[in-house]
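The values are calculated or read from the model by the stated rules, or taken from the named source; none is laboratory data. The structure presented is a predicted model; accordingly, all values stated were derived computationally and were not measured. Backbone-built Cβ (ideal geometry, glycine too); neighbour counts: all protein chains shown. Heavy atoms of the whole protein, side chains included, go into the accessibility calculation; ligands, DNA and RNA do not. Shrake-Rupley method; radii C 1.70, N 1.55, O 1.52, S 1.80 Å.
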Amino acid sequence: METVSEKPFDPTDPYVRTAQTFPTLTEEQIERAKLLGQEEFLAKGTILFERGQRSVDFFIVLKGNIEIYEHRQNGLNVFTIHGEHQFTGEIDLFNNRQILVGGRMGEDGQVLRFNRQQFRKLMIAEPDIGEVIVRAFILRRVGLISHQQGSVVLITTKESADTLRIERFLRRNGYPLEVLNYDTACQEKAFLHKVDLKIEHLPAVYIYLGEKLLYNPSNLELAECLGLVEALPPNHVYDVAIIGGGPAGLSAAVYAASEALDVVLIEAEAPGGQAGTSSKIENYLGFPTGISGQALAGRAQIQAQKFGATIALPFSVSEIGCQTQPFTLTLDNQAKIKTKTIVVASGARYRNLNFDHSFDNAGVYYAATAMEGSVCQNEPIIVVGGGNSAGQAAVFLSRHASHVQMLVRSQDLKASMSDYLVGRIKASDRITLHTQTEITALKGDKHLEEVTWYNSGTETEETHAIRHVFLMIGAVPNTQWLQDCLTLDEQGFICTGLQLVEHQVWELQRQPMIFETSVPGIFAAGDVRSGSVKRVASAVGEGAIIISQVHQFLSEQNGQDLLNQQLPIH
């Protein structure tokens, strides 16, 4: 294997970890793989796959080599060469999205070809080979991202709300991206001389293949153009449709798909939900040094796709038909999904400030990842909230900002935040905690410039020149789309289990299952469920438990259908 890179040596670079990123299969593994694939002799220059194709084949090199290339402004750039007993592919072989790179024979040779069905059989039948492949695929996508290979170019001006939206969408979905400001792009990129790009068009996204330029595209327009949207077969009936790709939804997708259920997960932006906006989760079982919410979500997404789950994004459910079986979900693009059961895992969102929404993504943010950290580099910031998410944000952002002012309405943090975070906040000289304090005014032109807060303990008001505020307050359930289909509590969270008996809305003779809603066959998990514990671990657990209840419901339905078939017709 040979990798071409212009970057200096970096020990964290996946391309440096050649044994894991570009592994060589053993002779014995090759012999087992031959039983499932098809051997072919191919001439030098034969194109095996091209960027933009879907459902491409998987190749193992037996003799010769395969060149992996990307499309750039000056033509094709070969950046990886797979040698004998090495294999092609990265995580898009687990889904039906458009691939990011091309592959061709670097010399005359012999390959072992697997179509998608054969590839899945290989992954299932040979778990040791499958483990090598999964690890390599994950590292290769990280390599593409870090080296901006197979990427698109985001051209922007400073501090644009739409720029942040587009960048967040692409980065959270693991899409390689190069970000350039307008002046730099005009100087360095020859392709801009071919198009009429004015500053008022920004932000814009340039795609090398086909030389496409998108002016401030919506997330859906961008996803469709980049091939992130997967076709959903019309009139197909899924076993289970999961609404929401947070920890609960991803967990349900993994367990459902691994147990041979036909599953589709519908997500409006990117897998991860509210947890995906966290810079580091340190109290999740099995990760003693912590893991970012985005990394956890990315691994879970690959896990679900590996087992055969379909992830449909970026779609919201606009209507739910819950009166007849199968249930019908109408998406915001008017596409319809039919399903035997539904898992509602649409989660909750942070509350915004009641008096002003005009600075969203232009000084007011609801996430604290590396991307937001770079936005507020060496500037003073405010973090609002007293929960773990706010604590994690304050600690993480203190490494980027010049100083963090942390505002909470309560008298202390002990009741709402884990002790390890409270200790870090108190020990940091870069974080100042203001209790009994809340924001009363935001000011600015197109971007936030000034913040006023009021301390009810001292009855004092202060105004500061602060341009970045991170809001992590409260939890508003994402249930507005349900349209009275399910029983909700007074805060708008979904009632399940014995709550339905207490509300006297359960009509069947049997007792409702723990996570079953007022409509049999529809379940709720995670933050959207009334009475849930707002923690990643509990959401993951609920998503796993629900699938056993989905199986129970489907078994009841199948038994009833069989009984109806056997009853005599009068």
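Looking at the range 445-488, which GluC sites (Glu not before Pro) are in a loop (DSSP not H, G, I, E or B) and have at most 15 other Cβ atoms within 10 Å? Provide the component values of the computation, followed by the final result.
Working: sites: GLU449, GLU450, GLU459, GLU461, GLU462; in loops: GLU459.
Here the sparse-neighbourhood loop sites are GLU459.
How much net charge surrounds ASP527 when only the other residues with a Cβ under 11 Å from the Cβ of ASP527 are counted, with Lys and Arg +1 and Asp and Glu -1? Spell out each step's value before the answer.
Details: positive: ARG349, ARG529, LYS534, ARG535; negative: GLU542.
Result for the neighbourhood of ASP527: +3.
Assuming 0.36 nm per residue, please report the length gained on full extension of the stretch ALA427 to THR458 beyond their Cα-Cα distance. Let's see the in-between values first.
Details: separation 31, 0.36 × 31 = 11.16 nm, distance 2.35 nm.
Full-extension gain reported as 8.8 nm.
Put a dot 7 Å past each Cα toward the Cβ at ALA441 and GLU490; how far apart are the dots in nm?
Between GLU490 and ALA441, the label points sit 3.5 nm apart.
Which order do LEU508, LEU42 take when ranked by solvent-accessible area (1.4 Å probe, heavy atoms of all protein chains), largest first?
Numbers: LEU508 80, LEU42 30 Å².
So the residues, ranked largest to smallest area, are LEU508, LEU42.
Counting only chymotrypsin sites (Phe, Trp or Tyr not before Pro) that sit in a DSSP loop (anything but H, G, I, E, B) with at most 16 other Cβ atoms within 10 Å, what is the longest stretch of the chain containing none of them? Please report the intermediate quantities before stating the final value.
Values: sites that count: PHE9, PHE355.
Result for the longest clean stretch: 10-354.
Can you tell me the length gained on complete extension of the stretch GLU449 to GLU107, counting 0.36 nm per residue apart and subtracting the Cα distance?
On the way: separation 342, 0.36 × 342 = 123.12 nm, distance 5.95 nm.
Stretched fully, the GLU449-GLU107 segment lengthens by 117.2 nm.
Tally Lys and Arg at +1 and Asp and Glu at -1 over the other residues with C-beta under 10 Å from the C-beta of GLU269: what net charge comes out? Numbers along the way, then the final one.
Details: positive: ARG165, ARG168, ARG172; negative: GLU267.
Result for the neighbourhood of GLU269: +2.
Please tell me which of these pairs span more than 29 angstrom C-alpha to C-alpha: LYS158/LYS336; LYS280/LYS446; LYS198/LYS446; LYS158/LYS280?
Flagged as over cut-off: LYS158/LYS336; LYS280/LYS446.
Taking the Cα of SER55, stepping 7 Å toward and past its beta carbon, and measuring to each backbone N in the range 100-129: which are under 12 Å?
Under cut-off, by backbone N: 115-118.
Would you list which aspartates and glutamates come within 20 Å of LYS34, measuring only between C-alpha atoms, while excluding same-chain residues fewer than 8 positions from it?
Filter leaves ASP57, GLU84, ASP108, GLU126, ASP128, GLU131.
Need the list of lysines near LYS306 for cross-linking: C-alpha distance under 18 angstrom, and skip anything on the same chain fewer than eight residues off.
LYS121
With r defined as the distance between the Cβ atoms of ALA537 and LYS336 and R0 fixed at 25 Å, what FRET efficiency is calculated, to the nearest 0.05?
0.15
Indicate, rounded to the nearest 5 percent, the antiparallel portion of the DSSP beta bridges found entirely in the range 360-519.
Working: 13 of 28 bridges.
Of those bridges, close to 45 percent are antiparallel.
Counting only the heavy atoms of the protein chains, how much of MET472 is accessible to a 1.4 Å probe, in Å² to the nearest 10?
Accessible surface of MET472 is approximately 10 Å².
Quick check: net charge around GLY246, other residues with Cβ under 10 Å of its Cβ, Lys/Arg +1 and Asp/Glu -1?
Working: positive: none; negative: GLU267, ASP527.
That sum, taken over residues with Cβ under 10 Å, equals -2.
Which value in deg cm²/dmol, rounded to the nearest 500, describes the helix-derived mean residue ellipticity at 222 nm for the chain, given -39,500 (n - 2.57) per DSSP H run of n ≥ 4 and division by the residue count?
Calculated mean residue ellipticity at 222 nm is -8500 deg cm²/dmol.
Size of the dipole of the chain about the Cα centre, Lys and Arg at +1 and Asp and Glu at -1 on the beta carbon, nothing else charged, in debye to 20? Mind dumping the intermediate values first?
Details: 48 positive and 65 negative charges, 99 e Å.
Computed charge dipole of the chain: roughly 480 debye.
Keeping every protein chain present and rolling a 1.4 Å probe, give me the accessible area per residue for the chain in Å². Don't skip to the answer; put the middle values down first.
Working: 25540 Å² over 570 residues.
I get 45 Å² per residue for this part.
Taking the Cα-to-Cβ direction at GLU159 and at ASN558 and moving 7 Å from each Cα, how far apart do the two end points lie in nm?
Placing both labels 7 Å beyond Cα along the Cβ direction yields 6.0 nm.
Computing the accessible area with a 1.4 Å probe over protein heavy atoms, can you report the carbon and sulfur percentage for the chain? Write out the running numbers ahead of the final one.
Details: 12580 of 25540 Å².
The value for the chain is 49 percent carbon and sulfur by accessible area.
Please give the length that would be gained between GLU39 and ASP196 if that part of the chain were fully extended, namely 0.36 nm times their separation in residues minus their C-alpha to C-alpha distance (nm, one decimal). If you can, show how the numbers build up before the last one.
Details: separation 157, 0.36 × 157 = 56.52 nm, distance 4.90 nm.
Between GLU39 and ASP196, full extension yields an extra 51.6 nm.
Suppose each label sits 7 Å from its Cα in the direction of the beta carbon; what would the GLU84-GLN377 distance come out to in nanometres?
Placing both labels 7 Å beyond Cα along the Cβ direction yields 4.7 nm.
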